[in-house]
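**Q** Dropping the structure in here first, questions after.
The values are calculated or read from the model by the stated rules, or taken from the named source; none is laboratory data. Quick caveat: nothing in here was measured; it's all calculated off a predicted structure. With ideal geometry, Cβ positions are generated from the backbone for all residues, glycine too; neighbour counts draw on all protein chains shown. When the accessible area is computed, the model is the full protein with side chains, heavy atoms only, and any ligands, DNA or RNA have been set aside. Shrake-Rupley method; radii C 1.70, N 1.55, O 1.52, S 1.80 Å.
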Amino acid sequence: RYRGLTLVLTFLCYTSYHLSRKPISIVKSQLHPNCSALGPNPRNDSNSSAWCSWAPFDGDNYKELFGALDNAFLVAYAIGMFISGIFGERLPLRYYLSGGMLLSGLFTALFGLGYFWDIHVLWYFIVMQVCNGLVQTTGWPAVVACVGNWFGKGKRGLIMGIWNSHTSVGNILGSLIAGIWVSSAWGLSFVVPGIIIAAVGVLCFFFLVEYPEDVGCSPPLHHVMTTTAKDPEGVMSNEGPLSNSGRSSSDRSDSPKEPGEEPEAISFLGALRIPGVVEFSLCLLFAKLVSYTFLYWLPLYIVNVAHFGAKKAGDLSTLFDVGGILGGIFAGLISDYTGGRATTCCVMLVIAAPMLFLYNHVGQNGIGTSIVMLIICGVLVNGPYALITTAVSADLGTHESLKGNAKALSTVTAIIDGTGSIGAALGPLLAGLISPTGWNNVFYMLIAADVSACLLLARVVVKEVRGWCGSMARKRGY
């Protein structure tokens, strides 16, 4: 029951984080709409082609300003993430997570209040984005650490693949909620999500349980011992309430320890030395670059290329996130079955590159084609991203080289996601700079990023393939 409660609460927490990030991509098309479609200019003292735009986004450089808004959030997020994991290992996760959610709700709402307060200066919106980016770094290391504390190695890919759908669910809900007010009062597109994330933060404060030991449950086994290697279900069965019978020596070694026996939290450099952390971190940099470019620019791309309205483009962009849900589950299931996390990521990245090319060239030929291509691209782009940030991060944060030290999950997760967030910052920025030269060039940039992500995992893939070959040779008696 406690494991189920942890999954549900952390799911709601990170759903609300992404729900509060999505409105900016929906509102962009309303900050600089096609004014000619609204009729003649009623104000003779303003620019005839941008009289209905919201200053300071009413100039010809509006795409660069939108890129600056995205970059302000994402650079702050990337920098803050490397620090956040260190704090997450040393502070109570419940306080850290709920405090971050309350602050995130505040800054999200303040961005939207700029509409009601009639604010037209760029620095105000930039400052709100920077502050929100910093406080949102409290979310990911904390929720992954909580789930990692409760779930062991067995079926982690599938469980966390399903759980990771919170990212796409948050994006979908954020798009739909923001779309309700985008054309009438776009400030509410931020204020309402801000209220929602703050409310979920209060819920988290009262009900989240950080460690199984806090409620008298045994911690999970993060590694399959020799005696249980042939019984993966046996590993999972040891994650229930404490019992005096049926406990193996390996279970007893994971029993709650006295406060004096608690190991120290791992250092930043110590986390980098864990095998695979550097490779997966750099791979995520390019994978997240692609995912976040879609997150921030897809609605505007649909408006410009397919010529839909702001609300319809926002609704259509949610199909990319629907594909992301399926991709995360599919990647987790396959990687659990094969034991090849890196190989699963590489295969999906290789297929993603030609699919991105096809979407750009034929994706807008009809509504049916657009729907199918958006879902396929969502599966292939977000599948590897979801797998690395969840199951891979949890695997590396409980790596056998740590010798049972549980105080590494948050730091390892922060390093991987922080490195990925550098790519998340670069993607929308590059899209803002490249898009004036044509959307084709933006997609060429995304395809190059996918190929780079795949190449960075080559060493780990070779290691996994050698492991499979060795296993098959042993089975055949060679």
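**Q** The range 330-478: D in µm²/s via Stokes-Einstein (Kirkwood Rh, Cα pairs, 25 °C, 0.890 mPa s)?
**A** Translational D for this selection: 141 µm²/s.
**Q** Something else about it: For the range 431-478, take the convex hull of the Cα atoms, compute a quarter of its surface area, and give me that in nm², please.
**A** Directional mean of the projected Cα hull area for the range 431-478 stands at 4.3 nm².
**Q** Also: In Å and from the alpha-carbon atoms only, list the Rg and Dmax of the range 97-154.
**A** 15.8, 54
**Q** When the Kirkwood radius is taken over all Cα pairs of the range 66-203, what Stokes-Einstein diffusion coefficient follows at 10 °C and 1.306 mPa s, in µm²/s?
**A** 99 µm²/s
**Q** Place a +1 charge on the Cβ of each Lys and Arg in the range 404-478 and a -1 charge on the Cβ of each Asp and Glu, then give the dipole magnitude about the Cα centre in debye, rounded to the nearest 20.
**A** Here the range 404-478 has a charge dipole of around 640 debye.
**Q** In the range 55-107, which trypsin sites (Lys or Arg not before Pro) fall in coil by DSSP and have 10 or fewer other Cβ atoms within 10 Å?
**A** Here no loop site has a sparse enough neighbourhood.
**Q** By accessible area of protein heavy atoms, probe 1.4 Å, what ranking do ILE375, ILE26 get, highest first?
**A** Reading off the accessible areas and sorting them downward yields ILE375, ILE26.
**Q** Please compute the net charge surrounding LEU69, taking Lys and Arg as +1 and Asp and Glu as -1 over other residues with Cβ under 15 Å from its Cβ.
**A** So the surrounding residues net to +1.
**Q** Between beta-carbons, use under 14 Å as the cut-off and find the net charge around ALA431, counting Lys and Arg +1, Asp and Glu -1.
**A** Neighbourhood net charge equals +1.
**Q** Over the range 405-454, what number does the Rg to Rh ratio reach, with both radii from the alpha-carbon atoms and Rh per Kirkwood?
**A** 1.19
**Q** If the limit is 20 Å between Cα atoms, which of LYS288/LYS311; LYS22/LYS312; LYS22/LYS311 go over it?
**A** LYS288/LYS311
**Q** Quick one: net charge around ASN304, please, counting Lys, Arg +1 and Asp, Glu -1 for every other residue with C-beta under 12 Å from its C-beta.
**A** That works out to +2.
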